[in-house]
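Each remark here refers to the structure printed beneath this line.
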Amino acid sequence: MTRLLEILISIAIVFALFVIVGIFLPSSRHLSESVQSNRKIAIAYDLLNNTRRFTDWNPILLHDPAANVQTSGKDEGVGAKVSYQSKVRGVGNGSWEITEAEPNKRVVYAITTDSPGSNKRSEFTLQPVGNRGRNTQITQTYDVNYGFNPIARYAGLYVSNSVGEDIKLGLGRLTNALAGVPNIDYSQLPVEYKSPLPTLGQRPAETLLTVGAVVPIDRDKIKGQMNSNLEWIKKVIASNGLEQAGPVRIITNEQGSANYSFDVAVPVKKAGAGEKIEGISTSGTPVKVAYNDAAKVVGTTFKGDMGNLQRLRDAIRAWSLTHGYATLDRPYEIWNGGIDAGFSDQGEFTVQWAVK
């Protein structure tokens, strides 16, 4: 009986010491890590401020590739939420939800997990650094409260190893994701080009007549070739009883320092036919028939000289990638003002790129 009493007293002392030590442990934890990227702040902000790119930087799927990840609420900004369920110990179930977003400055996520603690949150702050602020410093912090729960406070002793390592891993993946985006500050398009910010739209299914060309980088030669190709297309339209269904467009294949490879294209329609027109005869001409399925497109508009279009294409691709839309096929411009006007400051263009 005495031996049993001694054991119970020992257990009580150990438990008391456990509680006393736990009470004096920190009631909260704060972690902070930083990385630098040579990408513009707008690019880093937009990539972090939407849920479509979440798994590209967050390491959840690295711990469990089979985790069930779902999004809800908005796609971006406050209210955008990612939830996940995993059978892997250490991952479990949880969610990340954007609760604050200050454009080009900070994004705050509220976090729920199975691990001890409450009011878990992670904040990303963005700051220009380096020569003329050309680089972006990204700092991620993590905060968690443990209250008066001694067991939770003991768990906080290991948060630097668990969450801290995930933060380092996630920031490394984030810089890799940013490196795949053209370094174009598309947020400045309204200032630099008087163009609206890129937006997502829908392109209907269509039939196109196209003629390709590779031309040296010479404005007169390029314009001449575009007009020549357009004339071939007009002949096929007339000989097949077709109608032009929209302005001429230029599809860029490759624009290098020496040559410009492009297709001149015109959408066509025919009375009584659907979007896909069969049986078009192009015999004896360089004209080809192409079909576009209905697709999402990212685009903007521009008024001015065609020499600015390459940068606008890059801006559209950058916007698409940061917002979680992979570009498909080739970019193109609808020359609303015609070819000749496009080689002057009177050009009017709709710049588009299909995305998935």
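The values are calculated or read from the model by the stated rules, or taken from the named source; none is laboratory data. These numbers were taken from a predicted model, which means no experiment stands behind them. Glycine gets a Cβ as well: all are built from the backbone with ideal geometry, and neighbour counts include every protein chain shown. Just so you know, the surface numbers come from the protein's heavy atoms only, side chains and all, with ligands and any DNA or RNA stripped out. Shrake-Rupley method; radii C 1.70, N 1.55, O 1.52, S 1.80 Å.
Say we join alpha carbon atoms closer than 10 Å with springs in a Gaussian network model of the chain; which of PHE343, PHE124, PHE302 then has the biggest fluctuation?
PHE343
Please give the FRET efficiency for LYS276 paired with ASP314, using the beta carbon to beta carbon distance and R0 = 35 Å, rounded to the nearest 0.05.
E(calc), rounded to 0.05, equals 0.65.
In the neighborhood of ALA341, defined by Cβ-to-Cβ distances under 11 Å, what is the net charge if each Lys or Arg adds +1 and each Asp or Glu adds -1?
-2
Hey, which of these cross-link pairs are over 32 Å Cα-Cα: LYS235/LYS303; LYS87/LYS296; LYS74/LYS276; LYS223/LYS269; LYS120/LYS296; LYS74/LYS269?
LYS87/LYS296; LYS74/LYS276; LYS120/LYS296; LYS74/LYS269
How many nm is it between the label spots at GLN127 and ARG203, if each spot is 7 Å from the Cα in line with the beta carbon?
Once both label points are built, they end up 4.3 nm from each other.
With the cut-off at 1.5 for a/c, could you classify segment 254-326 from its C-alpha gyration tensor as rounded, prolate or oblate?
The shape class here is oblate.
May I ask you to evaluate 6.51 cos²θ - 1.76 cosθ + 1.60, the Karplus curve with θ = phi - 60°, for each residue of segment 124-130 and list the ³J(HN,Hα) values in order in whole Hz, giving x for glycine and proline?
Each residue's phi maps through the Karplus curve to give 9, 10, 10, 9, x, 9, x Hz.
Hey, in the GNM for the chain with a 10 angstrom Cα cutoff, which one of SER118, SER257, SER28 fluctuates hardest?
In the Gaussian network model the winner is SER257.
With each run of n ≥ 4 DSSP H residues scored as -39500 (n - 2.57), what mean residue ellipticity at 222 nm is computed for the chain after dividing by its residue count and rounding to the nearest 500 deg cm²/dmol?
After summing the helix terms and dividing by residue count, I get -9000 deg cm²/dmol.
Grab the other residues whose beta carbon is less than 12 angstrom from that of ALA326, score K and R as +1, D and E as -1, and report the net.
+3
Give the accessible area for GLU275 in Å² (nearest 10); use a 1.4 Å probe, count only protein heavy atoms, and leave out ligands, DNA and RNA.
Near enough 110 Å² of accessible area.
Rounded, prolate or oblate for segment 282-356? Axes are the square roots of the Cα gyration tensor eigenvalues, ordered a ≥ b ≥ c, and the cut-off for rounded is a/c under 1.5.
It comes out oblate by the Cα gyration axes.
For ALA245, enumerate residues with amide H under 5 Å from its amide H, sequence gap 5+ or separate chain, H modeled in the peptide plane.
VAL268, LYS269
Expressed as a whole percentage, what fraction of the accessible surface of the chain belongs to carbon and sulfur atoms when a 1.4 Å probe is rolled over the protein heavy atoms?
Exposed carbon and sulfur together represent 52 percent of the surface.
Under the classification rounded if a/c is under 1.5, otherwise prolate if a/b is larger than b/c and oblate if not, where does segment 18-134 fall, given a ≥ b ≥ c as square roots of the Cα gyration tensor eigenvalues?
In terms of gyration-tensor shape, oblate.
I'm spelling it out carefully: the read-out is P(r) over Cα pairs in 10 Å bins from 0, in percent, the candidates are (i) 5, 19, 23, 17, 14, 10, 5, 3, 2, 1, 0, 0; (ii) 5, 25, 37, 25, 6, 1; (iii) 5, 24, 33, 26, 11, 2, 0, and one was derived from this structure. Which label?
(i)
Could you put HIS30, HIS323, HIS63 in order of accessible surface area, largest first, with the 1.4 Å probe and the full protein assembly present?
Listed by decreasing accessible area, they come as HIS30, HIS63, HIS323.
In whole Hz and in residue order, list the ³J(HN,Hα) couplings for segment 323-340 that follow from phi through the Karplus curve 6.51 cos²θ - 1.76 cosθ + 1.60, θ = phi - 60°; x for Gly and Pro.
After applying 6.51 cos²θ - 1.76 cosθ + 1.60, I find 8, x, 10, 7, 6, 10, 6, 10, x, 8, 10, 8, 8, 4, x, x, 5, 4 Hz.
Tally Lys/Arg at +1 and Asp/Glu at -1 over every other residue whose Cβ is under 12 Å from the Cβ of GLN310; what's the total?
Spelling it out: positives minus negatives among the neighbours equals -1.
How much area per residue is accessible in the chain when the probe is 1.4 Å and only protein heavy atoms are counted (Å²)?
Averaged over the residues of the chain, the accessible area is 51 Å².
Report the calculated FRET efficiency for THR285 and ALA326 (r = Cβ-Cβ distance, R0 = 51 Å), to the nearest 0.05.
0.90
Once phi is turned into ³J(HN,Hα) by the Karplus curve 6.51 cos²θ - 1.76 cosθ + 1.60 with θ = phi - 60°, what whole-Hz value does each residue of segment 82-98 show in order, with x for glycine and proline?
3J(HN,Hα) across segment 82-98, in whole Hz: 10, 10, 9, 10, 9, 8, 7, 5, x, 9, x, 10, x, 7, 10, 10, 6.
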